[in-house]
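What follows is a single structure, written as structure tokens, with notes after it.
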Amino acid sequence: RRELPDGGPRPNAAQFKQLVVSALRELHGEVGAALPVDVLTYEEKTLSAILRVISSGLVKLWSALTLLGFYQNRRCAFHVLQVKPWGLTSPFLLALSGNSRELVLD
């Protein structure tokens, strides 16, 4: 989830993806920018997204987003709310939409 403390214009999905690539490029150079990152969902209203990255790129992505402090010359911050290892829990995208710890079995 991304936060813009001073309000202002919110990025659309394409701008958000470009922001992620720019953050990777800024911290890890062209190798970081080439990391395959997919934006599975993006909610402009809440500035929340679900990103998919290969497990070997998780640390690069997380560090790039965490250390990014500005968007269009305004302060911003990313907060990682949850990490699910891809392929270890479920091969279905639907599994990303809920928290299995809150599952109630009858």
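Quick one: net charge around residue 25, please, counting Lys, Arg +1 and Asp, Glu -1 for every other residue with C-beta under 13 Å from its C-beta.
On the way: positive: 17, 60; negative: 26, 30.
Cβ neighbours under 13 Å give a net charge of 0.
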ask   = What lysines sit close enough to residue 84 to cross-link, taking a C-alpha to C-alpha distance under 16 Å and skipping anything fewer than 8 places away on the same chain?
value = 60
message = Check which residues have an amide H placed less than 5 Å from residue 51's amide H, if you skip close sequence neighbours.
response = 40
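Here, each number is a calculation from the coordinates, and none is a lab measurement. Since we're looking at a predicted model, the values are computed, not measured. FYI the Cβ positions are ideal-geometry reconstructions off the backbone, even for glycines, and counts take in every protein chain you see.
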